[in-house]
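Reviewing the structure listed below.
The values are calculated or read from the model by the stated rules, or taken from the named source; none is laboratory data. This structure is a prediction, so every number in the text was calculated from the model and none was measured. For neighbour counting, all protein chains shown are included, and Cβ atoms are generated from backbone atoms with ideal geometry for every residue, glycine included.
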Amino acid sequence: MKRIAMTALAGLVAPMAMADEQRELGAHVHGVSQLELAVEGDQLTLALRAPGADITGFEHAAESAEDKAAVADALALLARSEAIFAFPEAAGCVLVEANAELEGEGAHDHDDQDHEAHDHEAHDHDEHDHDEHAHDDHDYDDHDHDAHEHEDHDDHGHEGHEHDEHGHDDHDDHAHDDHDHDHGEEAHAGHSEFHAMYMYECSDAGALTEVAFPFFDSFPNAREIEAQYITDSGAGAAEVEADAAVLKLD
């Protein structure tokens with residue numbers, strides 16, 4: 001079913017490129033969401049993209065418990081199609097599938113990456129402890145065998161220790177530089193955006209003449225939806241404002 005939905009939306013792109021009223025989508029503007037709608041036979045598919053600020057009131061990564069709860073609540077509300085769209089009753093559209101996700105800053109992959117890095121550091125630390133233990137055993141044996149050699153070994157060990165400290169400092173500086181570099185990249189990362197997709201089966205798609213948007217009531221920060229649509233009768237584009245939240249499919 002999802003493959004059919006993606007095919008329907010893919011079929012929207014080419015015809016829309018030649019539509020006189022086509023608007024270029026993809027610009028990330030606070031208050032402005034994008035919608036792609038396709039009707040193919042008795043199937044209705046909608047893909048919605050909305051800036052994080054419009055949905056949760058913020059776009060930074062959700063770090064606090066309050067922010068994480070806000071994201072979870074927003075995703076749950078987006079998945080409730082009746083809180084987003086309303087169709088003419090005569091069209092008989094029944095929801096088949098709905099899903100929503102957050103993309104951009106604060107992605108879960110970043111947390112996984114940190115976890116892997118932590119495991120790697122722990123492994124290196126274990127190897128370092130093992131080497132130090134072996135080195136201490138070697139010093140103890142040398143002391144029993146020859147005190148003079150022990151002194152030479154201690155001097156050498158001391159020089160090696162200074163070298164290790166130097167290497168450790170270099171490593172810390174390098175790690176710090178890498179951290180600063182990563183932090184700088186994160187600071188310039190793209191804004192977060194909510195993506196949602198909905199699929200319906202309609203008993204009479206011909207009666208689907210308009211779409212209303214309770215979306216604006218669910219998310220008061222949203223002000224406008226830039227919509228592209230294609231139906232069996234044609235294609236078009238329109239702006240849907242919060243104070244006139246109806247898209248005419250004609």
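Data for the structure
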quantity: Selection count, the stretch 35-49, where residues are closer than 13 Å to Ile84 by Cα and out of contact with any His (no Cβ under 9 Å at 6 or more places or on another chain); calculated: 2
quantity: Residues (touching a helix residue (DSSP H, G or I) at 6+ places or on another chain (Cβ under 6 Å), among the small types (Gly, Ala, Ser) and surrounded by fewer than 17 Cβ atoms within 10 Å (Cβ to Cβ)) located in the stretch 193-239; calculated: Ala207, Ser218
quantity: Asp178, sole failed condition from (1) at pLDDT below 95; (2) under 12 Å from Leu37 (Cβ atoms); calculated: (2)
quantity: Residue in the stretch 48-67 that is at pLDDT below 85 and closer than 28 Å to Gly206 by Cβ present; calculated: no
